[in-house]
Structure formats: C-alpha cells, structure tokens
Protein chains: 2
Amino acid sequence: MSDATTRPPEAAKRGRPRLDELTATDVEGIPALETIIGYRLRRAQLYVFQDFIESFTRMKLRPAEFSVLSVMARRPGLKQTEIAEELGIKRANFVALMDSLERRGLAERRKADTDKRSHSLHLTPEGVRFVRKMMAVWTAHEERLVEKLGGPKERDRLIELLDRVVARD
Amino acid sequence: MSDATTRPPEAAKRGRPRLDELTATDVEGIPALETIIGYRLRRAQLYVFQDFIESFTRMKLRPAEFSVLSVMARRPGLKQTEIAEELGIKRANFVALMDSLERRGLAERRKADTDKRSHSLHLTPEGVRFVRKMMAVWTAHEERLVEKLGGPKERDRLIELLDRVVARD
DNA sequence: ATTCGATTGTTATGATACAGAACAATTAAA
DNA sequence: TTTAATTGTTCTGTATCATAACAATCGAAT
C-alpha cells in the first residue's frame, strides 16, 4: 500500500500529476491526513460544533455560552475567574460573555460579601427556565451523535480515549 | 452519583454555594460538561493543537500550512480550489496562505496549460526538503500522542470513532 | 498599622480564523 | 454567440483568542 508513489485517483482522472513532477515531490514518510490524530480531531470537532451551532441558532446561543450557563446551573456561586479558568477562557474575554448573559436576563453577578473584588455568578429564574429548554435542545443534538457513534458504549469509549489524550501525567 | 444536588468539592471548601441558592438553581437534567461529546472533543483538539503548534513554532508553521504542504507532497498538481475544499478552507482564505508558502520558496503556482484560470500547485525542491524536516517533527509529536493514548491500537480505535462522528450517511 | 505583592474584574488592543460578496478572466454550455 | 459557471482574487466584516495595563481590593509580612 505504498501510496506515495501511486497516482491518486482524482489526479489520475485529470491526467495529473505528470510523472516528472511526481518523482520530484515523492517524499518518503508523508502520511495521509486521514491518519493524523490532530487533523481528524479537528475535523470531527468542527462537524460536531456545526451541528451544535445549527441546533442553537434559534436560541441565539453559542457553545461558550452554553458551557457557562451549564456550569452556573450545576454550581452556582462560582466567581468569574473560576468558571473562566475551568472552561479555558481568558478572564478578560469572559467579561463580554457574562455581560451578554446578564443583558439577556439569564444570569447575574452578585457582590460577594466576603471578597469585594469578586462577583459570584448565578442564573436568574429566567435563566433557569432557559437552561431547561437549552438542555432539551442539547439532548436531541447529543442523541444524534450517540446514534452516529453506534450507541452509548461507543460514546463512552470515545470519551475515555479523549480523556487519555488530554490527561496530564 | 446524583451530583446535581451535591456540593462540588471546590465550592464546599469555600463555603459556596449556599443552600437556598442551590435549590433555586437545582435544574434537573444538567449533565456535567465532562460527559458532553462536543465539549470533550473541543478540549482534546485544543490540547493536541497546542502541542502541535509548540512543536512547529521553530519552523514557523501553522496547522493549516502543514496540511497544505502535506497534500501538495502526496498529490502535486492539484489546483487551489481542490486543495482548499478538501481541507475545509474557503478558497478566498486560501490565497494568502498560498502566497505565504510561495514567498517562503516552499511551494509554487504553475499556470495550468489546459485551463488558464487555474493554477496547479507544487512543492519546490526546497519545499520537498522542508517537508522532510516537517515530517520528522510531526512524527515526534504524533508518537507522543500515541504514547498517551496507550499504543497504536488505541490510536486506531480513536480514529475509527472520529470517523463515525463525521461520516455522512 | 503599614507596606507590598497578589488577585479580581475590567478595558483596550492586536493577531488570527473564518465567512460572504463582488469582480475580472476564462471556460463550458445553450 | 450569447449565457452561465468556474477560478483566483480582493475586500470586508465578524468572531475568537491572547496580552498588557489598570484600579480596587485582599492577604501577608513586617
């Protein structure tokens, strides 16, 4: 299966590449992009996000906002730096994100009594209702993915492998 | 393992959230981000790209450039639109990318004899040498990942699962 | 109690990635 | 020969992301 010296089917159809060009660029050890972990990860992530984004265009919700609302729902009272750091968002960029959620009446910053510098973040009652709807939409999206993967078992296998990739040891 | 009603360890340490807040935002059916496919995919992809980018800072090569050079090495003679489409890059954005590679003397646009509109893309001899070094660096990067995954078998399993995600059927 | 360093939220700024519209040159189709 | 489609290109706008700086506040060391 040495394909570096084989004319790819598309190019063959079009009569390209010419033989002299082929030898000039016939570099050994060039793997197909399809076998490269990072490339495949990126393409898969792009695909999933595209489906996610389309699912949430009606709710006008972006992935980052989804994750922030999700964290606030499960663990209210965290401060901005904590949520930002956990989600890998620079705290500088978190400000506008939180501003937007607050302007929409979904979340609020409360003055922390113990530390006057920090804010503790919470969903508003409207935010709680919003998150409920949000999770219904998300469930459909997620089930679509699990379906494609072949079932919950495969989903777990995938997440376990992704775990290993990102594990720091 | 119902953790929606359990005080997360960090917040517990800091005495937050207070109980009344907890009940106010205790929304059922809020999955932890760690179980969400898209979220995990994004984090893993970010991690891999970070390692990739660090590996290639010395060569001043970005992921997109890597992929373009890789395609040109394996399949010389393709035209811009073909490579761009295959890699999911808008042909408008491909122009600057190719300009840069050409300015660095790594690749070139040749006037296609059959179609005066299109260019056929090729590595220069210097580009061929560059790609050789590039692949050496990439191999180290990739082996690091395979190591973390637990071996080539696991790498294959991962790619097969990513395949299913992005498969259109 | 005072000084000093660290933290928190914030603003401003720049770089990069990505998408869409429009256009000239060229080709293919009617 | 007119018409429609393609190719490369430029321009433009919009997210995304990182970095630096700053005031307010806190914690710790003296």
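The values are calculated or read from the model by the stated rules, or taken from the named source; none is laboratory data. Only a predicted model underlies this, so the values are computations on that prediction, with no experimental measurement involved. In this analysis, Cβ positions are derived from the backbone assuming ideal geometry, glycine residues included, and neighbour counts consider all displayed protein chains. Heads up: the accessible areas ignore ligands, DNA and RNA and are worked out on the full protein's heavy atoms, side chains in. Shrake-Rupley method; radii C 1.70, N 1.55, O 1.52, S 1.80 Å.
Summary of values
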| quantity | calculated |
| --- | --- |
| Per-region count, region A:65-94, residues within 18 Å of B:Leu46 (Cα to Cα) and of a type in the set (Gly, Ala, Ser) | 3 |
| Qualifying residue in region B:105-115 (condition: farther than 20 Å from A:Ile30 by Cα and either touching a Phe, Trp or Tyr at 6+ places or on another chain (Cβ under 8 Å) or of a type in the set (Asp, Glu) (or both)) | yes |
| Qualifying residue in region B:29-46 (condition: at pLDDT 95 or above, open to solvent by less than 30 Å² (accessible area, probe 1.4 Å) and more than 9 Å from chain A (Cβ to nearest Cβ)) | no |
| Residue in region B:97-117 that is basic (Lys, Arg), facing chain A (nearest Cβ under 10 Å) and more than 20 Å from the chain's Cα centre (by Cα) present | yes |
| Long-range neighbours under 9 Å by Cβ, at least six apart or interchain, first residue in a loop (DSSP other than H, G, I, E, B) within region B:32-57, second open to solvent by 70 Å² or more (accessible area, probe 1.4 Å) | B:Ala32/B:Asp3 |
| Top-ranked residue in region B:99-117 [being open to solvent by 60 Å² or more (accessible area, probe 1.4 Å), at pLDDT below 95 and outside any strand (DSSP E or B); ranked as farthest from DNA strand C (Cβ to nearest atom)] | B:Asp113 |
| Qualifying position, being loosely packed, with under 12 Cβ neighbours inside 10 Å and assigned by TED's automatic domain parsing to the domain that holds B:Gly38, among B:Thr81, B:Thr124, B:Thr139, B:Thr57 | B:Thr57 |
| Matching residues, region B:67-82, being within 14 Å of DNA strand C (Cβ to nearest atom) and either among the polar types (S, T, N, Q) or within 24 Å of A:Gln50 (Cα to Cα) (or both) | B:Ser67, B:Val68, B:Gln80, B:Thr81 |
| Test: residue in region A:61-82 that is under 27 Å from A:His141 (Cα atoms), in a loop (DSSP other than H, G, I, E, B) and among the hydrophobic types (A, V, I, L, M, F, W, C) | yes |
| Matching option when the condition is in a helix (DSSP H, G or I), under 18 Å from A:Glu34 (Cα atoms) and open to solvent by 40 Å² or more (accessible area, probe 1.4 Å), among B:Arg168, B:Arg155, B:Arg129 | B:Arg155 |
| Those residues of region B:142-152 which are of a type outside the set (Gly, Ala, Ser), more than 7 Å from chain A (Cβ to nearest Cβ) and either open to solvent by less than 40 Å² (accessible area, probe 1.4 Å) or in a loop (DSSP other than H, G, I, E, B) (or both), in sequence order | B:Val146 |
| A:Gly88, sole failed condition from (1) within 20 Å of the chain's Cα centre (by Cα); (2) over 17 Å from A:Glu126 (Cα atoms); (3) open to solvent by less than 30 Å² (accessible area, probe 1.4 Å) | (3) |
